[in-house]
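Everything below concerns the one structure shown next.
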Amino acid sequence: MAAVKDVLRRPLGHFTERSLAGLALVLGAGVGFGVLLVLVRSQWTPLYDVDHGVAAWLNAQVAPHGPLVTVLNALTGLGGLTVIGWLVSVGVVGLLIRRQGRLAVYLLVTGAGALILDPTLKTLVDRLRPEVDVPIGSYAGESFPSGHALGSMVAYGALLLVFLPAMRPRWRRPAMVVTAVVVFLVGLTRVALGVHFVSDVLGAWLLGAAWLGVTAYAFRLWRLERGRPAVPLGEGLEPEAAHDVAPAPDEERLLPHPRAGVAELVIGWVLVLGVLYGFGTFVSYHAQGTFFATLDTAVPNWFDAHRTPGRDDLSYWWSKVGDTHAILLISLVFCPLVLAVWRRWRPVLFVALTMFGELSLFLASAAAVDRPRPPIENLDGPMPTSSFPSGHIAATLCLWTAIAIVVFPRTDRWWRWVFVALAVVMPVGVAVSRMYRGMHHPTDFMGAILLTVCWIGLLYWVIRPNADVAEGNQPAIESEDVDTLDDELVRAGRVD
């Protein structure tokens, strides 16, 4: 057993050693760049004039145009730590689920190298940021190299090398072009927003390309040690893993009748909007003297009378469970996991359309009904949308209900009931907190339930998110296999 562990550890150790050696070489190159930049800061005329001249000219062209600044900020986010961290994390977890440990290690080591290179070189060089007439971009720390440009070069390049084998040959070159364009745009935005000099971005690209080359070469040597032939980078790092790195390799088509499905969804969306508008208009303006009016008066007043500082804080944080950022984060974690485990796009499409439909139905019905907030103190202050229906509650209901629908039939483990419980507890908690904070009436909660039932029911009928289970796509890990999971993972690590 010890001999087997040594065999497994040796290639990993060699790969890590070579990667660290490459990192040391790149850091050495960074010191050289630092010496060069000391000369630049000492008013070395040619590069100094280009850097400051381009920064001033671009600032004058960009700053007066608000929409352009908004677009640039959106594009620059593609190179931010949040987006890059999510992409690499999803890639690593997906590869581990698909039992592609070597590729997961490659992504981790390559990404870690970029994280080390950026702050280390910034500290060594200690270059100040550009000073422009009209600051339009936010930044912190030193200037050289551009962290966004370096991160995008390394992350998108590494992901491309890992997943290139999953693409058909005719799509590989366009994928390379798209990756290059994204990396170029991220770098361009850093200069256009006035937060980096041209040399910061060029230096980041050079360093990123060097680090990618070092780690790709190390991975190539790792393959040779495992008895696999060397392959051109145009075929990706591990051509033999094409089936396992493909998002949905066993799914022949997404929907049997896509045109009919689109028509059914569009018609259904309009009908659901009509139902929401009818119910919302009734409870908002025509329900005087009914049970709904009594409920909408008594419940907000009761919550208003029982407010305490502790409950205010608790309701604030529980309310955050249903805001846009939390819902988006959970969706962006859940969907890639579903894709990695069950290799089907249809459940992902079901969740995505659930959230898109919820958002569009909420915005449309809120604008149409235009209901005022409850006549008590609104602890969250003025809101851009009206009261009916509750967007927080509807989003929480739709998300956790969709998750439960996808997960429950796909495993026979006890924890599937946890998702059913979350589909109840999370929306109820958000609903109580929103009504406590004076942001919604009880009938707004009813409107969120109506939206969820109608829209998810329609999607379930059209999309059939669990059709693959009925066709024989069983859970990847049955209950009787759980005790042997560790052994399976060990055996997978031994397979060449």
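The numbers here are math on the coordinates, done by the rules we state, and not lab data. All values reported here derive from a predicted model rather than from experimental measurement. Here Cβ is always computed from backbone atoms with ideal geometry, including for glycine, and neighbour counts include all displayed protein chains.
Before moving on, here are some points about what is shown:
- Neighbour-limited loop hits for trypsin sites (Lys or Arg not before Pro), the range 150-258 (at most 12 other Cβ within 10 Å; DSSP other than H, G, I, E, B): 226, 253
- Phi angles across the range 267-277 convert, under the Karplus curve 6.51 cos²θ - 1.76 cosθ + 1.60 with θ = phi - 60°, into 3J(HN,Hα) values of 4, x, 4, 4, 5, 5, 4, x, 5, 5, 5 Hz, Gly and Pro given as x.
- Along the range 383-388 the Karplus relation, 6.51 cos²θ - 1.76 cosθ + 1.60 evaluated at θ = phi - 60°, assigns HN-Hα couplings of 10, x, 10, 7, 7, 9 Hz to successive residues, with x for each Gly and Pro.
- Distance (nanometres) between label positions extended 7 Å along Cα→Cβ at residue 257 and residue 288: 4.9
- Net length gained if the chain between residue 240 and residue 298 were fully extended (0.36 nm per residue, minus Cα distance): 14.3 nm
- Across the range 55-116, the volume of the C-alpha convex hull divided among the residues equals 93 Å³ per residue.
- In sequence order, the range 335-348 has phi-based couplings of 4, x, 5, 4, 5, 5, 7, 9, 6, 9, 7, 4, x, 5 Hz under the Karplus curve 6.51 cos²θ - 1.76 cosθ + 1.60, θ = phi - 60°, and Gly or Pro positions carry x.
- In this simple spin-label approximation, residue 461 and residue 50 carry label points 7 Å from Cα along the Cα→Cβ vector, and these lie 6.4 nm apart.
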